[in-house]
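K.L.:
The structure under discussion is supplied below as structure tokens; questions concerning it will follow.
The values are calculated or read from the model by the stated rules, or taken from the named source; none is laboratory data. Just so it is clear, the model here is predicted, and its values are computed rather than measured. Neighbour counts run over all protein chains shown; Cβ positions are idealised from the backbone, glycine included. Just so you know, the surface numbers come from the protein's heavy atoms only, side chains and all, with ligands and any DNA or RNA stripped out. Shrake-Rupley method; radii C 1.70, N 1.55, O 1.52, S 1.80 Å.
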Amino acid sequence: MAISMKPSAYINKIVMALMLAVLLLIALVGSRLGLFTDLDEEPHIREDADKIVVGVSQLGSESGWRSANTESVQNALSKQNGYFMIFSNARQKQENQIKAIRSFIAQRVDYIVFAPVVKSGWETVLQEAKEAGIPVIIMDRGVDVADKNLYTTFVGTDSVEEGRRAGVWLEEHLKKQGKADERINIVILKGTEGSSAQIGRTTGFAMVSGKHNNWNILGQKYGDFTIYKGKEVMQDFLEMYDDIDVVISQNDDMTFGAIEAIRESGRTVGIDGDITIISFDAVYEALEMVAEGIINVDIECNPNQGEYISEIISLLESGQEVEKRYYIEEDVFTIENVTEELLEKRTY
Ligand code: AHR
């Protein structure tokens, strides 16, 4: 007896067959695109067996300086130079950096490079990297961990020294102006709260300001190293105090915002202005302002760290010992030493 099916049963069968076909298609295309690759299968190793695989966790893209730093690392750890780089932007969040580092560990990269957004809270993830046997190179900003063996080396800037240089410059500047004993009202625009760059620059400056009873710190606020926040914080300061003599702004981006706010308030800045501007970083645009006398002094923070990292990796690859800490050379720029020639050579 022929089995006859109801029309609804037929439709069900067709729908199921179609669904199966779609699933098969997804599986096929997905596996071609590598969408279902298990992290443990080390996808990069299949593609780049001859390359040194480096996971880089950049803390964000808050400033011009940061973009230059990212570019420097990307240029140094390029395919042409024998690297396969996995890059991750943490957008200013420590939790994103921790996630990125864990993913690098899961992918069994050869090296981890990271610029820590803040100084503390890295023990656990660094311990995980250590247990996985992956060397960690800390870039730009420092970390605060009791066990220094949790990372291989640090390459970056000496932010305490940068802060100290700002203080020493102000000391000399006031002497030259015959104002060494006058009361000087200062406001400080600080970078990202808890970052080593912010802590270091604040500490370094305090080492000098602490020696001068006539240096009166009116206020200190966090400006997150961004133009927008720098302007906002400066506007607050200008509303609160009408007798600011000196602005210490812990990076150029905040300085750009602060200068805008000062000018909008009707006051002037720089060498012939009402308010002395001390900035940090020395990116191209800021150096132009130094040359024009708008920024009085810019304490350099050098973002070109990529080549150092590449050199450190080469040393480690050849089994050599590396130092625990490498500080990059940095300068102090005023109208006296920002020449046309210097600006022409400046790449960031
Ligand atoms: O850690 C370096 C600081 O971070 C730079 O001064 C600043 O521009 C950046 O965002």
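K.L.:
Name the residue from I271, Y326, T226 whose Cα lies farthest towards the positive end of the charge dipole of the chain, charges +1 on Cβ of Lys and Arg and -1 on Cβ of Asp and Glu.
P.N.:
The residue sitting most towards the positive pole is T226.
K.L.:
Sort 175-182, 208-215, 101-108, 225-232 by packing, meaning the average of other beta carbons within 10 Å per residue, with the highest value first.
P.N.:
On the way: 175-182: 10.9, 208-215: 14.6, 101-108: 18.5, 225-232: 21.9.
The peptides rank, most packed first, as 225-232, 101-108, 208-215, 175-182.
K.L.:
May I ask which residue of L126, I313, N216 lies farthest towards the positive end of the charge dipole of the chain, with charges of +1 (Lys, Arg) and -1 (Asp, Glu) on Cβ and the Cα centre as origin?
P.N.:
Positive-end residue among those listed: L126.
K.L.:
State the dimensionless ratio Rg/Rh of the range 231-348 (Rg: radius of gyration of Cα atoms; Rh: Kirkwood radius).
P.N.:
Result: Rg/Rh = 1.13.
K.L.:
How long is the range 93-175 along each principal axis, judged by its Cα atoms, biggest number first, in Å?
P.N.:
So the extents along the principal axes, rounded to whole Å, are 57, 24, 21.
K.L.:
Of the accessible area of the range 199-261, with the probe set at 1.4 angstrom, what percent is carbon plus sulfur? Intermediate values should be presented prior to the final figure.
P.N.:
Values: 1260 of 2560 Å².
The value for the range 199-261 is 49 percent carbon and sulfur by accessible area.
K.L.:
Around K99, what is the net charge, scoring Lys/Arg as +1 and Asp/Glu as -1 over all other residues with Cβ under 14 Å from its Cβ?
P.N.:
On the way: positive: R91, K93, R102; negative: E95, E128.
Here the charged neighbours net out to +1.
K.L.:
Go through 249-256, 118-125 and give me the packing order, highest mean Cβ count within 10 Å leading.
P.N.:
Taking the mean over residues of other Cβ atoms within 10 Å, the ranking is 249-256, 118-125.
K.L.:
Something else: What residues have an amide H closer than 5 Å to that of D140, excluding those fewer than 5 places away on the same chain, when H is modeled at 1.01 Å from N in the peptide plane?
P.N.:
Residues meeting the criterion, in which the H sits 1.01 Å from N, are V155, G156, T157.
K.L.:
Whose amide H sits under 5 Å from the amide H of Q220, counting only residues 5 or more places off or on another chain, with H placed in the peptide plane?
P.N.:
Here I188 satisfy the definition.
K.L.:
Something else: Okay, helix-only estimate at 222 nm for the chain: each DSSP H run of n ≥ 4 adds -39500 (n - 2.57), divide by all residues, round to 500 deg cm²/dmol; what do you get?
P.N.:
Values: 12 runs with 152 residues, N = 348.
It lands at -14000 deg cm²/dmol.
K.L.:
What fraction of the DSSP beta bridges in the chain is antiparallel, stated in percent and rounded to the nearest 5?
P.N.:
Values: 2 of 42 bridges.
Antiparallel bridges: around 5 percent, rounded to the nearest 5.
K.L.:
For K175 paired with Q220, estimate the spin-label separation in nm (one decimal), with each label point 7 Å from Cα along the Cα-to-Cβ line.
P.N.:
Inter-label distance under the simple model: 2.5 nm.
K.L.:
Given a 1.4 Å probe, how much area per residue of the chain is accessible, in Å²? List each step's numbers first, then the result.
P.N.:
Details: 17590 Å² over 348 residues.
Ligands and nucleic acids excluded, the result is 51 Å² per residue.
K.L.:
What whole-number value in cubic angstrom gives the convex hull volume per residue for the C-alpha atoms of the range 37-176?
P.N.:
Working: hull volume 18.2 nm³, N = 140.
It is 130 Å³ per residue.
K.L.:
Let me ask you something else. Between K148 and N75, 0.36 nm times their residue separation minus their Cα-Cα distance comes to what? Mind dumping the intermediate values first?
P.N.:
Details: separation 73, 0.36 × 73 = 26.28 nm, distance 2.86 nm.
Difference between extended and current length: 23.4 nm.
K.L.:
Ok, one more. Which lysines, if any, have their Cα less than 22 Å from the Cα of K176, not counting same-chain residues under 8 positions apart?
P.N.:
K211
K.L.:
Highest first, please rank the peptides 61-68, 331-338 by the mean number of other Cβ atoms sitting within 10 Å of their residues.
P.N.:
Numbers: 61-68: 19.8, 331-338: 14.6.
Ranked by mean Cβ neighbours within 10 Å, highest first: 61-68, 331-338.
K.L.:
I would also like to ask the following. Where in the chain are the helices, taken as whole DSSP H runs, whose Cα atoms extend 15 angstrom or more along the long axis and whose Kyte-Doolittle mean reaches at least 0.5? If you can, show how the numbers build up before the last one.
P.N.:
Working: long enough: 7-33 (39 Å, 1.74); 64-76 (18 Å, -1.10); 94-106 (18 Å, -0.25); 159-176 (26 Å, -1.04); 196-209 (19 Å, 0.37); 227-240 (20 Å, -0.31); 252-264 (18 Å, -0.18); 306-317 (16 Å, 0.61).
Flagged H segments are 7-33, 306-317.
K.L.:
Two decimals is fine: what is log10 I(q)/I(0) at q = 0.09, 0.12 Å⁻¹ for the chain, from a Debye sum with one equal scatterer on every Cα and no solvent?
P.N.:
-0.58, -0.88
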